[in-house]
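The values are calculated or read from the model by the stated rules, or taken from the named source; none is laboratory data. Given the structure is predicted, the values throughout are model-derived calculations rather than measurements. Neighbour counts are summed over all protein chains in view; Cβ atoms, including those assigned to glycine, are modelled from backbone coordinates with ideal geometry.
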Amino acid sequence: MYLSPKFLSTLAATLGLCLMVGCSSSSPNISVEEPTPKTAVVDVEDAPSAEASPSASETPPATAEASPAATEVSSSGGNEPAAVFAENSIAIRGADPVAYFTEGGYVAGSSNYTHEWGGAVWQFASAENRDLFASNPTQYAPQYGGFCAWAVSEGYTAPIDPTAWKIVDGKLYLNFDARIQRRWERDIPGNIARADQNWPRVASN
């Protein structure tokens, strides 16, 4: 078999190329390396705050129970009566003596506004009334220590109904009830004169 020099040269070149790059009938096995997943890194400044969102009201909640109102008490001396009609130390059944003059009628006093005078606690509807009484108790206090005016005119003492009242010549008089007051009103000047003579002697009876 005759092989021409040109053919041999071409064959040698082909064999050399195969030796250099490698010849294989199968497809080349190309290995693809999967990238390693990177751990997510979060910048601290970009991270959400760990603190919970503030509530609608940042102020502490109000206490469930309100504080009781403070009781205002004052006291004074001088020109105190020989005795005062009082029950459980409360004079004239808690009526505000000043209100008879300023309101023209019976007004219940309050334990929030009190004044100690004549050995009893007087109650008032307001601090203003309390202060008026404290500045001049004899101007507003009922006559005969708040005992029944009719009874004192008769020579003894008796309790009163604060709704049975009358102001005569700028002085407050209280009576046992409406029926006794009507009896007293039949002769107001005479009953007052007799009561003035009996007081304060009857206070010790």
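Having 3 or more residues that are closer than 16 Å to residue 199 by Cβ is the bar; report the strands (runs of 3 or more DSSP E) wholly within the stretch 109-189 that clear it.
171-175
When only residues in the stretch 182-205 that are small (Gly, Ala, Ser) and modelled with pLDDT of 95 or more count, which is nearest to residue 82 (Cα to Cα)?
Applying the filter and picking the extreme gives 195.
Would you point out which residue out of 180, 192, 160 is touching a Cys at 6+ places or on another chain (Cβ under 9 Å), over 23 Å from residue 122 (Cα atoms) and surrounded by 15 or more Cβ atoms within 10 Å (Cβ to Cβ)?
180
Collect the residues in the stretch 113-130 that are of a type outside the set (A, V, I, L, M, F, W, C), out of contact with any His (no Cβ under 8 Å at 6 or more places or on another chain) and in contact (Cβ under 8 Å) with a residue 12 or more places away in the chain, keeping them in residue-number order.
113, 114, 115, 116, 118, 119, 123, 126, 129
Which of the residues that make up the stretch 65-108 are hydroxyl-bearing (Ser, Thr, Tyr) and either modelled with pLDDT of 95 or more or assigned to a loop (DSSP other than H, G, I, E, B) (or both)?
Correct list: 67, 71, 76, 89, 100, 102, 106.
Return the residues of the stretch 181-192 that are within 15 Å of residue 167 (Cα to Cα) and touching a residue at least 12 places away in the same chain (Cβ under 8 Å); say none if nothing qualifies.
Scanning the stretch 181-192 gives 181, 184, 185, 188, 191, 192.
Residue check, residue 149 against (1) small (Gly, Ala, Ser); (2) surrounded by 21 or more Cβ atoms within 10 Å (Cβ to Cβ); (3) farther than 23 Å from residue 178 by Cβ, all met but one. Which one?
(3)
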